[in-house]
Amino acid sequence: MLVKAPRGTADLLPGQIERWRWVEEVARDVFRQFGYAEIVTPIFEHTELFERGIGDTTDVVNKQMYTFLDRGQRSLTLRPEGTASVVRAYLEHHMYSGPQPVKLFYIGPIFRYERPQAGRYRQFHQLGAEALGSQDPALDVEMIAMSIEIFRRLGLADFLVHINSIGCEVCRPAYKDALRAYLQPKLDGLCRTCFERYEKNPLRILDCKVAACQDAAKGAPRSVDYLCESCREHFDAVQKYLDALGISYELNEMLVRGLDYYTKTVFEVESRSLGAQSALLGGGRYDGLVEECGGPSTPAVGFAAGMERAMLALEEQGIQAPSTRGVDAFVVAFANDKRGQVLALVHQLRQAGLVVETDYLQRSMKAQMKAASRMNAARVIICGEDELSRDVVQLRDMTSGVQEEVPLATLVERLRAELC
Ligand code: HAM
């Protein structure tokens, strides 16, 4: 029996990885242009970090974490998102005592035990950014602008930006009360999860996918109507700046997000070309998280996009990565006592910066020529025994078909001049 990859994971094969690396490259360029520096944090952290940070009433913490005891009996968890880790690193390395805001980005694997389906995996990858140390609504807008700039550069324009404000610790209690009062008569009709959410986390009932809960939530009070003055002003500014940048968005009062740390602005970008799992990215402000993790009171905002979702959207729209450099030269080699000399030539050409392939199967000259054209090699270098004994090779231009004898002494320079 062959051992297969675990459910909900995927290999990235040659032919797919080119598009993947291109997405990463585009994102890295955009992040750098917006002033974000890369951070790499461990793939596992102490379980407590996520329990405290993400919230113990969330699906992520309750149902989806890959948690295990290591050999020292410590409870560790494969990271189910990136924000809590970035906050931990911000505190651990005292980044709060330097110039603010601290603007960071990350790209890497994330783990959630979810039911796999198209666009939903157990190991997936996020590219995300966090800006810590400022409550300026301009940063909320920068996050949205930066995230959609990545998608714009990839050629994906078919998306919708949803925004909402879910208030802060000052105004949210009153909103939760209003929501509970509204939902109270409908309580028995809610799904079990929402029934349990009613007390602790009634906001999440608004984005439940169960039809009965969606019905119950119709006409529910809107968080934007309960914002305190500071949240109101902040959200007005976010909208004003989005307008100034010409970014279209929709106010979506049902958008509450699945993680507990959010305050004020929340946003999601949805692709119109993806099916059920249409969220390309999500994010928002989390002004209480740094303090919750034991640090000084520090406002912050961020987002994360799913790499696999971006890949699906690109596929859906037939968008390919720009073609990468192909094979410059295929060196036709024969199994004879000159092989060492041929391999040395291959090595020398590679050291000179050329992309070079050769034969490893002792194939006939004809079969090697076929292999070279299958690889779309620009040139073929034929090293016959007779040629090598005269310190020359046959150089064939695969586009024009012209073949000529070239001295070994000038070959590298000539190919560099023509192909690099
Ligand atoms: P999130 O909405 O849980 O937010 O995830 C962000 C994105 O990751 C989603 O919009 C989706 O594209 C992708 N994603 C989530 N789950 C899966 C899955 N099972 N398979 C494939 N893709 C998935 C966060 O994680 C927050 N940390 C974002 C954030 C950063 N907020 C502030 N800063």
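Provide a single number: the residues in region 389-420 that are open to solvent by less than 30 Å² (accessible area, probe 1.4 Å) and farther than 19 Å from residue 357 by Cβ. Total satisfying the criteria: 1. Is it the case, given these coordinates, that residue 218 is among the charged types (D, E, K, R) and modelled with pLDDT under 95? Yes; evaluated as a whole, the condition is true for this residue.
When 266, 238, 256 are checked against the criterion of being assigned to a strand (DSSP E or B) and touching a residue at least 40 places away in the same chain (Cβ under 8 Å), a single residue qualifies: 266. For beta carbons closer than 7 Å, sequence separation of 6+ or different chains, a first residue in region 54-70 that is assigned by TED's automatic domain parsing to the domain that holds residue 292 and a second that is polar (S, T, N, Q) and buried (at least 16 other Cβ atoms within 10 Å of the Cβ), the qualifying pairs are 57/201; 65/77; 66/77; 67/47; 67/77. Candidates are the residues of region 313-372 that are charged (D, E, K, R) and within 19 Å of residue 397 (Cβ to Cβ); the one that is modelled with the lowest pLDDT is 325. Filtering region 104-143 to residues that are assigned to a helix (DSSP H, G or I) and either open to solvent by 10 Å² or more (accessible area, probe 1.4 Å) or within 12 Å of the ligand (Cβ to nearest atom) (or both) leaves 137, 138, 139, 140, 142, 143.
Residues in region 324-347 include at least one that is assigned to a loop (DSSP other than H, G, I, E, B), among the hydrophobic types (A, V, I, L, M, F, W, C) and in contact with a Ser or Thr (Cβ under 7 Å, 6 or more places away or on another chain). Each residue in region 144-176 was checked for being part of a loop (DSSP other than H, G, I, E, B) and touching a residue at least 24 places away in the same chain (Cβ under 8 Å), and 10 of them qualify. Can you name the residue in region 180-212 that is open to solvent by 100 Å² or more (accessible area, probe 1.4 Å) and closer than 18 Å to residue 166 by Cβ and, of all such residues, is modelled with the lowest pLDDT? Out of the qualifying residues, it is 200. With respect to residue 268, determine if the residue is at pLDDT 95 or above, within 14 Å of the ligand (Cβ to nearest atom) and open to solvent by 20 Å² or more (accessible area, probe 1.4 Å). When the stated conditions are applied, residue 268 passes them. Scanning region 80-101 for residues that are open to solvent by 20 Å² or more (accessible area, probe 1.4 Å), outside any helix (DSSP H, G or I) and not small (Gly, Ala, Ser) yields a count of 5.
The values are calculated or read from the model by the stated rules, or taken from the named source; none is laboratory data. Computed from a prediction, not measured in an experiment: that's the story for all the values here. Every residue, glycine as well, gets a Cβ built from its backbone with ideal geometry; the counts of neighbours run over all protein chains shown. When the accessible area is computed, the model is the full protein with side chains, heavy atoms only, and any ligands, DNA or RNA have been set aside. Shrake-Rupley method; radii C 1.70, N 1.55, O 1.52, S 1.80 Å.
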